[in-house]
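Novice: This is the structure I want to talk about, given as structure tokens.
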Amino acid sequence: MKLWHFIVIGVFLTVLYFLLPWAFTLAVIIIAIYVIYWVVSKILMWNTPPGKRIKHGLLKAHLENKYGKKEGDGLYKEFISELRKKGYR
């Protein structure tokens with residue numbers, strides 16, 4: 001995130017704190033859940049060996065370009081399920 005994102009979030013939370021305290025609490029909980037999700041996803045990525053990582057965006061784009069949107073999406077789902085059974089993430 002860029003600096004101005006944090007500034008806008010800070011101003012938004014400040015306004016919520018004074019106008020709607022319950023909404024401020026809800027916003028803080030949502031931000032905390034997002035931060036926890038982000039940290040866990042990074043930890044899982046670091047724990048996956050480099051040879052076992054799937055580049056989902058590249059694989060899906062390649063299959064959709066080669067076979068079309070509908071058929072490529074179906075092949076992508078099949079490939080991913082087979083690769084996950086083999087230990088790839």
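Novice: What number of residues within the stretch 42-58 satisfy the criterion of being of a type in the set (A, V, I, L, M) and at pLDDT below 85?
Specialist: Within the stretch 42-58, residues that are of a type in the set (A, V, I, L, M) and at pLDDT below 85 number 3.
Novice: Report the residue count in the stretch 56-71 for those that are surrounded by 13 or more Cβ atoms within 10 Å (Cβ to Cβ) and over 22 Å from the mean Cα position of the chain (by Cα).
Specialist: Qualifying residue count, the stretch 56-71: 1.
Novice: Looking at (1) in contact with a helix residue (DSSP H, G or I) (Cβ under 8 Å, 6 or more places away or on another chain); (2) in contact (Cβ under 8 Å) with a residue 24 or more places away in the chain; (3) aliphatic (A, V, I, L, M), find the lone condition where residue 44 falls short.
Specialist: Against the list (1) in contact with a helix residue (DSSP H, G or I) (Cβ under 8 Å, 6 or more places away or on another chain); (2) in contact (Cβ under 8 Å) with a residue 24 or more places away in the chain; (3) aliphatic (A, V, I, L, M), residue 44 comes up short only on (1).
Novice: Hey, another quick one. Restricting attention to the stretch 38-57, and to residues there that are of a type in the set (Val, Ile, Thr) and outside any helix (DSSP H, G or I), which single residue is nearest to residue 77 (Cα to Cα)?
Specialist: My answer is 54.
Novice: All but one of (1) surrounded by fewer than 13 Cβ atoms within 10 Å (Cβ to Cβ); (2) within 30 Å of residue 88 (Cα to Cα) hold for residue 29; state the number of the condition that does not hold.
Specialist: (2)
Novice: Which ones in the stretch 47-61 are in contact (Cβ under 8 Å) with a residue 12 or more places away in the chain and among the charged types (D, E, K, R)?
Specialist: 52, 53, 60 - these are the residues of the stretch 47-61 that are in contact (Cβ under 8 Å) with a residue 12 or more places away in the chain and among the charged types (D, E, K, R).
Novice: What residue, of 15, 11, 35, is in a helix (DSSP H, G or I), within 22 Å of the chain's Cα centre (by Cα) and of a type outside the set (Lys, Arg)?
Specialist: Of 15, 11, 35, the one residue that is in a helix (DSSP H, G or I), within 22 Å of the chain's Cα centre (by Cα) and of a type outside the set (Lys, Arg) is 35.
The values are calculated or read from the model by the stated rules, or taken from the named source; none is laboratory data. Computed from a predicted structure; not experimentally measured. For neighbour counting, all protein chains shown are included, and Cβ atoms are generated from backbone atoms with ideal geometry for every residue, glycine included.
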